[in-house]
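Asker: To start, I am sharing the structure in question, which I have written as structure tokens.
The values are calculated or read from the model by the stated rules, or taken from the named source; none is laboratory data. Small disclaimer: the values here were computed from a predicted structure and weren't measured. FYI the Cβ positions are ideal-geometry reconstructions off the backbone, even for glycines, and counts take in every protein chain you see. For the accessible areas, the whole protein counts, side chains as well, though only heavy atoms, and no ligand, DNA or RNA atoms are used. Shrake-Rupley method; radii C 1.70, N 1.55, O 1.52, S 1.80 Å.
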Amino acid sequence: MTAQTDASPARPMPRPGVLAIEAYVPGKSGAPGAHKVHKLSSNETPLGPSPKALAALQAAAGKLALYPDGNATELRSAIAARYGLDPARIVCGAGSDELLSNLAYAYLAPGDEGIFTEHGFLVYRIAILAAGGMPVVVPERDLTADVDAILAAVTPRTRIVYIANPNNPTGTYLSFEEVRRLHAGLPGNVLLVLDGAYAEYVRANDYSAGLELVLDSDNVVMTRTFSKIHGLATLRIGWMVAPPEVADAVNRIRGPFNVSGIGIAAGAAAIADEAHVAAAIAHNEDWLRRMSERVSDLGLRVTPSVANFLLVHFPNEPGRNAADADAFLTARGIIVRRVAAYGLPNALRVTVGAEEANEAFLDALTAFVEGARG
């Protein structure tokens, strides 16, 4: 037996960097004391999952004692059929979060740098640090990723660049021309990760989620999720399309059964139900416009959004700021998302919900603003 020396720690210690990670904190889910709660904090679809996905889930429930297909063959085939892709280039995961992390584990060595923008998804920082990398945070312009600033931040140690397009929590986006310009400026050994969690909602003519760029490049990956427009958040299903070598690397480190059997079945049915997706798009397009206009009419600034949420800005004044508004809304059963952790202390992110929830939010916000004006 080897005796413990005075220099040895008294208990197991995480490797350097792990304790520098700030754990991801989800938005609130409840409002104690409220008669009825409208949750508009997690960008969930108000239409729920496709009925076809529910039927597939129920049919798969009889196989709970069996391990799922470790290759998620049915799901990858359904995704490939929907988008005209080679299934071999698709990797599925426990939400796109797992894939974002696995890409960092696969391509970052200790001390390598990973780039993301200042109001980008918090999981990027966590993934980079967990892999032993160094996070490099790049300023945005008008709450939008700045291609020139990103390229200026690239060094010989840069190995990965994460871009949420559209971005959460701002709702802004880069045009496909700008994404192409970003890619053209990156060294060939830097992996560009395009996070398209909200891609289905975008109606802008100059937008593309990036499939074409992935198929034409050796260093571009696009990730997507079933948690938003497909309404399967509780099943935790994500997918990515990548160059064959990148897909191979991620497949070597992902868990062997990382997607559940019911998730595979439900996801395959959901992605084939284009009518359900179209209904969700139409509902979101209508209410995104209506909510943006009515919030703006109250004198509050709204960042133009192409996703399924709004970023609402409040004055930095006691009684009128975002924290006060959040407390006022919560007391009335309206749950929205504080985004101070994203560097936006005086803003709230509000999901486009069902009609009743949207109207309840707008009524409560109107009461707050009018009350704050005195």
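Asker: With a 1.4 Å probe and all protein chains left in place, how much of the accessible area of the chain comes from carbon and sulfur atoms, in whole percent? Could the numbers behind the result be given before it?
Answerer: Values: 9010 of 16700 Å².
Of the solvent-accessible surface of the chain, carbon and sulfur hold 54 percent.
Asker: Next question, about the same structure. To the nearest Å, what is the center-to-center distance of segment 293-326 and segment 345-374, using C-alpha atoms only?
Answerer: 8
Asker: May I ask for the distance between the Cα centers of segment 195-230 and segment 272-289, given as a whole number of Å?
Answerer: After rounding, the separation between the Cα centres reads 17 Å.
Asker: Taking the chain as a Gaussian network, Cα atoms linked when under 10 Å apart, which of GLY188, GLY84, GLY48 shows the biggest mean-square fluctuation?
Answerer: GLY84
Asker: Let me check against my output: what whole-number percent is the relative contact order of segment 245-357, with C-alpha pairs under 8 Å and at least 6 apart?
Answerer: 18
Asker: Before I look further, what does the chain give for accessible area per residue, probe 1.4 Å, in whole square angstrom?
Answerer: That works out to 45 Å² for each residue.
Asker: Once the other residues with Cβ under 13 Å from the Cβ of LEU192 are scored (Lys, Arg +1; Asp, Glu -1), what is the net sum?
Answerer: Around LEU192, the surrounding residues sum to -1.
Asker: Once you keep just the Cα pairs under 8 angstrom separated by 6 or more residues, what percentage relative contact order results for segment 205-307?
Answerer: Relative contact order of segment 205-307: 19 percent.
Asker: Quick one: net charge around TYR162, please, counting Lys, Arg +1 and Asp, Glu -1 for every other residue with C-beta under 14 Å from its C-beta.
Answerer: The answer is -4.
Asker: Another question about this same structure. Of all GluC sites (Glu not before Pro) in segment 42-139, which ones are in loop regions per DSSP and have a Cβ with at most 16 other Cβ atoms within 10 Å?
Answerer: Qualifying residues, ordered by number: GLU118.
Asker: Could you compute how much accessible surface SER260 exposes when probed at 1.4 Å, giving the result in Å² to the nearest 10?
Answerer: Rounded to the nearest 10, the figure is 50 Å².
Asker: Once amide H atoms are placed 1.01 Å from N in the peptide plane, what residues at a sequence separation of 5 or more from VAL138, or on another chain, have their amide H within under 5 Å of its amide H?
Answerer: It is PHE116, THR117, GLU118, by chain and number.
Asker: Same structure again: Using a 10 Å Cβ count of at most 11 others and DSSP loop calls, identify the longest part of the chain lacking such trypsin sites (Lys or Arg not before Pro).
Answerer: Counting only loop sites that pass the neighbour cut-off, the longest clear stretch is 204-374.
Asker: If the elastic network links every pair of Cα atoms under 10 Å, which of LEU40, LEU215, LEU192 fluctuates the most in the Gaussian network model of the chain?
Answerer: Looking only at LEU40, LEU215, LEU192, the largest GNM fluctuation is found for LEU215.
Asker: Can you tell me, using C-alpha contacts under 8 Å and at least 6 residues apart, the relative contact order of the chain as a whole percent? Numbers along the way, then the final one.
Answerer: Details: 722 pairs, mean separation 91.6, N = 374.
Reported as a whole number, the value is 24 percent.
Asker: If you don't mind, another one. For LEU310, what residues show an amide H to amide H distance below 5 Å, using hydrogens built from the backbone and excluding near sequence neighbours?
Answerer: VAL350, THR351, VAL352
Asker: I want the local charge near GLU98. Using Cβ-Cβ distances under 12 Å, sum +1 for each Lys or Arg and -1 for each Asp or Glu among the other residues.
Answerer: Around GLU98, the surrounding residues sum to +1.
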